[in-house]
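Here you go, one structure.
The values are calculated or read from the model by the stated rules, or taken from the named source; none is laboratory data. All figures in this text were calculated on a predicted structure; none of them were measured in a lab. Here the Cβ positions follow ideal geometry from the backbone for every residue, glycine too, while neighbour counts run over all protein chains shown. Areas reflect the complete protein model, heavy atoms only, side chains present, ligands, DNA and RNA absent. Shrake-Rupley method; radii C 1.70, N 1.55, O 1.52, S 1.80 Å.
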Amino acid sequence: MKKGLVLEGGAMRGIYTAGVLDVLLEQKICFDGVIGVSAGAIHGASFVSEQQGRSIRYYTKYCRDKRFMSFYSLFTTGSLVGEEFCYHEIPEHLDPFDGETFSRSAAKFYVTCTNLETGRAEYIRIKDMTKGIPYLMASASMPYVSRTVEAGGRKLLDGGIADSIPLRAFERHGYEKNLVILTRPEGYQKEAHRVSAAKAAYRKYPEFIRALRLRPRRYNAELEYVKKQEESGRAFVLRPSVDLHIGRMERDPERLMEMYQLGRKDAETNLAPLQRFLAD
C-alpha cells in the first residue's frame, strides 16, 4: 500500500507544516510520495531533500528582508515574492538546497499548479529541482500579486486556486494511505468573496476567473472529503490545534517561530497514533 504526504499551502502559515515535517525527519518517517501546494510545496521540497530545520532557519532570517516577500518586491519586480532572491539566491548560495539528496530520494515529489487557460489543477512531478524550479515557483505564485509563470508550454499560477488540498488527486495516483497536513484549525470554512478584480486582471482567462469564483466552495468540499477519509481510517490529518491568527504575509520572526513550534508540538503529540496508522 503506497503511503502519501499531502501538504496544504497558506503562504507564511505554511511554517506550521515545516514544524511537522522536521519532526517526521527526526523520526525517520518516510513516504512513497509527497504532493504540495504553494507553501506546502516549498516546505515539502526541503523534506524530500532531508534538510531538517532549513525552512524555519531561512524564513526567520529573511522574512523581514524586502527581497523576500514585500510590497517593495511587488512594485519593483511585479511579484510579491522576490523570484531572484527566493528561488535562486537563497537555495543556490545563502542556504543551499540539497538537490542531490532530493533527486536520490525514493519519494516521488509533485507540485500542484493552476493552469490559467483551463482553470484546472495540474499535478507536476519534479525529479530534478534545478529543472523544476519554475513549477515550484508557479505553485506558490499567488494571483493578483504574482507574475504568471510560463513553463512546459503552459501558463501557471497558485495551485491552491484549483486544488488546495489534493488528497483526491493523490489517491488517484495510487496513494491509498495519506498523511494530510492542513494549515487552518478545525472548523475553518472559507467564505465566498467577490472576484470583480479578477475580471480585469485575468480577462483573457475566463476559466481561471471561474476557478477563482468557485474556490471557496471547492475548498470547503475538500475539507469535507478530508474529514470523511480521516473518519474512515484512510487518512491521518494534522492541523493547528490552536488558532494563532498568523497572516499570509506575517513578517515577525517570533510569530513565525511560534507557528513552527506549534507544528512540532502537534506532530509530537500525535506521533504514536500516526506511527500506528502508517504501520497498519
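Determine if segment 197-207 includes at least one residue that is assigned to a helix (DSSP H, G or I) and either on the phi > 0 side of the Ramachandran plot or surrounded by 17 or more Cβ atoms within 10 Å (Cβ to Cβ) (or both).
There is at least one residue in segment 197-207 that is assigned to a helix (DSSP H, G or I) and either on the phi > 0 side of the Ramachandran plot or surrounded by 17 or more Cβ atoms within 10 Å (Cβ to Cβ) (or both).
Another question, if that's okay. Go through segment 105-122 and give me each residue that's closer than 15 Å to Ala41 by Cβ and among the hydrophobic types (A, V, I, L, M, F, W, C).
Ala107, Phe109, Val111, Cys113, Ala121
Further question: In segment 57-105, what residues are open to solvent by less than 20 Å² (accessible area, probe 1.4 Å) and of a type in the set (A, V, I, L, M, F, W, C)?
Residues satisfying the conditions are Cys63, Phe68, Met69, Leu80, Phe85, Ile90, Phe102.
Taking the condition open to solvent by 20 Å² or more (accessible area, probe 1.4 Å), in a loop (DSSP other than H, G, I, E, B) and in contact with a helix residue (DSSP H, G or I) (Cβ under 9 Å, 6 or more places away or on another chain), does Glu191 pass?
On the way: open to solvent by 20 Å² or more (accessible area, probe 1.4 Å): yes; in a loop (DSSP other than H, G, I, E, B): yes; in contact with a helix residue (DSSP H, G or I) (Cβ under 9 Å, 6 or more places away or on another chain): yes.
When the stated conditions are applied, Glu191 passes them.
So is Glu224 closer than 25 Å to Gly33 by Cα and assigned to a strand (DSSP E or B) or not?
Taking the combined requirement at face value, the residue does not satisfy it.
Pull out all pairs, ordered by first then second residue, where Cβ-Cβ is under 6 Å, the residues are six or more apart or on different chains, the first lies in segment 175-193 and is over 18 Å from Leu278 (Cα atoms) and free of Cβ contacts under 8 Å to residues at least 60 places away in the same chain, and the second is of a type in the set (Asp, Glu) and assigned to a loop (DSSP other than H, G, I, E, B).
Pairs found: Pro185/Asp243.
Kindly indicate which of Arg168, Arg125, Arg147 is of a type in the set (D, E, K, R), within 23 Å of Leu5 (Cβ to Cβ) and not in a helix (DSSP H, G or I).
Arg125
How many of the residues making up segment 174-188 are part of a loop (DSSP other than H, G, I, E, B), touching a Lys or Arg at 6+ places or on another chain (Cβ under 9 Å) and not aliphatic (A, V, I, L, M)?
Number satisfying all stated conditions: 6.
Separate question: Looking only at segment 115-129, decide whether some residue is open to solvent by 10 Å² or more (accessible area, probe 1.4 Å) and either more than 19 Å from the chain's Cα centre (by Cα) or at pLDDT below 95 (or both).
Yes, because at least one residue in segment 115-129 is open to solvent by 10 Å² or more (accessible area, probe 1.4 Å) and either more than 19 Å from the chain's Cα centre (by Cα) or at pLDDT below 95 (or both).
Report yes if Leu5 is more than 16 Å from the chain's Cα centre (by Cα), under 25 Å from Ile246 (Cα atoms) and modelled with pLDDT of 95 or more, otherwise no.
Numbers: more than 16 Å from the chain's Cα centre (by Cα): no; under 25 Å from Ile246 (Cα atoms): yes; modelled with pLDDT of 95 or more: yes.
Judged against the criteria, Leu5 is not a match.
Here's something else I'd like to know. Kindly provide the set of residues from segment 27-53 that are closer than 17 Å to Ser105 by Cβ and open to solvent by 10 Å² or more (accessible area, probe 1.4 Å), ordered by number.
Gln27, Lys28, Ile29, Cys30, Phe31, Asp32, Ile42, Phe47, Glu50, Gln51, Gln52
Please enumerate the residues belonging to segment 243-267 that are open to solvent by less than 80 Å² (accessible area, probe 1.4 Å) and free of Cβ contacts under 8 Å to residues at least 12 places away in the same chain.
Result: Arg255, single match.
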